[in-house]
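Visitor: First the structure, which I've put down as structure tokens, then a few questions once you've had a look.
The values are calculated or read from the model by the stated rules, or taken from the named source; none is laboratory data. None of these values were measured; they are calculated from a predicted model. Cβ: placed from backbone, ideal geometry, glycine included. Neighbour counts: every protein chain shown. Note: areas computed on protein heavy atoms with side chains; ligands, DNA, RNA excluded. Shrake-Rupley method; radii C 1.70, N 1.55, O 1.52, S 1.80 Å.
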Amino acid sequence: RTPDDSRFDQQWGLNNTGQISGGTPGADINAPEAWDLHRGSEDVVVAVIDSGIDHDHLDLIDNMWVNTAELNGKRNRDDDGNGFVDDVYGYDFANGDGDPMDDNNHGTHVAGIIAAVANNAIGVAGGAPGVKIMPLKITNANGAAYLHNAIFALIDALIYGADISNHSYGTYS
């Protein structure tokens, strides 16, 4: 199950063949062997609480969680009644709007590590390329965040039904 992604050979943490100078073959998580057993289920949703996610990214778009009530609803209206307008892909707590587009790149990077589409001949492969990712943005473009936004995002992830939440942001506040 070794994928054909163009940069998979650089992902030594997933499959280390000694490709990095001084690298130790086998010092990895044995991803191809694990993928022979399971690649993750689209029924599993991972909330990425971070700087947002580029939901148009070619290696992520097919694995984005989608709030179907908002996707199929009316623009500028809270169609699912959760208090957030047009939160199709999650929510931006840093700017208070329904578009958690990444303006810092950290959340997109994290989402790729988790669930980049595998075997699409571009980019990288995620560790669990079959799961859905839900962006919940709490940092601004400079990486600054407020603790209350992280708490609100975690509560929102639970309300939306996320199974797992990833927190790898850092901030002075």
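Visitor: Among the residues that make up the stretch 136-156, is at least one of them within 11 Å of the chain's Cα centre (by Cα), closer than 20 Å to ASN67 by Cα and part of a loop (DSSP other than H, G, I, E, B)?
Guide: Taking every residue of the stretch 136-156 in turn, none turns out to be within 11 Å of the chain's Cα centre (by Cα), closer than 20 Å to ASN67 by Cα and part of a loop (DSSP other than H, G, I, E, B).
Visitor: OK, next. Please specify each residue of the stretch 52-83 satisfying the condition of being over 21 Å from GLY130 (Cα atoms) and within 20 Å of the chain's Cα centre (by Cα). Let's see the steps before the verdict.
Guide: We begin by selecting, within the stretch 52-83, every residue over 21 Å from GLY130 (Cα atoms); these are 69-83.
Matches in the stretch 52-83: GLU70, LEU71.
Visitor: Among the residues in the stretch 3-26, are any among the β-branched types (Val, Ile, Thr), within 20 Å of the chain's Cα centre (by Cα) and either at pLDDT below 95 or within 23 Å of GLY161 (Cβ to Cβ) (or both)?
Guide: Filtering the stretch 3-26 down to residues among the β-branched types (Val, Ile, Thr) leaves 17, 20, 24.
Those still in the list that are within 20 Å of the chain's Cα centre (by Cα) too: none.
Among the residues of the stretch 3-26, not one is among the β-branched types (Val, Ile, Thr), within 20 Å of the chain's Cα centre (by Cα) and either at pLDDT below 95 or within 23 Å of GLY161 (Cβ to Cβ) (or both), which makes the answer no.
Visitor: Restricting to the stretch 139-169, and then to whatever is in contact with a Ser or Thr (Cβ under 9 Å, 6 or more places away or on another chain) and farther than 23 Å from ASP86 by Cα, can you tell me which residue is surrounded by the fewest Cβ atoms within 10 Å (Cβ to Cβ)?
Guide: Across the stretch 139-169, the extreme among qualifying residues is LEU147.
Visitor: Additional query: Just a yes or no: is a residue in the stretch 27-49 more than 27 Å from ILE159 (Cα to Cα), open to solvent by less than 70 Å² (accessible area, probe 1.4 Å) and touching a residue at least 60 places away in the same chain (Cβ under 8 Å)?
Guide: Yes, there is a match, as at least one residue in the stretch 27-49 is more than 27 Å from ILE159 (Cα to Cα), open to solvent by less than 70 Å² (accessible area, probe 1.4 Å) and touching a residue at least 60 places away in the same chain (Cβ under 8 Å).
Visitor: Let me ask another. Within the stretch 55-72, track down each residue that is in a loop (DSSP other than H, G, I, E, B), of a type outside the set (A, V, I, L, M) and surrounded by fewer than 21 Cβ atoms within 10 Å (Cβ to Cβ). Explain how you work it out, then say what you get.
Guide: Applying the first criterion (in a loop (DSSP other than H, G, I, E, B)) to the stretch 55-72 yields 55-60, 65-67, 72.
Narrowing the set further to residues that are of a type outside the set (A, V, I, L, M) leaves 55-57, 59, 65, 67, 72.
Correct list: ASP56, HIS57, ASN72.
Visitor: Counting just the residues of the stretch 10-26 that are part of a loop (DSSP other than H, G, I, E, B) and polar (S, T, N, Q), which one comes out most open to solvent (accessible area, probe 1.4 Å)?
Guide: Here is the first cut: in the stretch 10-26, the residues part of a loop (DSSP other than H, G, I, E, B) are 11-26.
Cutting the leftovers down to polar (S, T, N, Q) gives us 11, 15-17, 19, 21, 24.
On the way: GLN11: 34, ASN15: 37, ASN16: 13, THR17: 93, GLN19: 67, SER21: 121, THR24: 83 Å².
Ranking the candidates gives SER21 first.
Visitor: Name the single residue, out of those in the stretch 73-109 being of a type in the set (S, T, N, Q) and touching a residue at least 12 places away in the same chain (Cβ under 8 Å), that is most open to solvent (accessible area, probe 1.4 Å).
Guide: Step one: list which residues in the stretch 73-109 are of a type in the set (S, T, N, Q), which gives 76, 82, 95, 104-105, 108.
Now restrict to residues that are touching a residue at least 12 places away in the same chain (Cβ under 8 Å): 82, 95, 104-105, 108.
On the way: ASN82: 46, ASN95: 89, ASN104: 55, ASN105: 110, THR108: 20 Å².
It comes out as ASN105.
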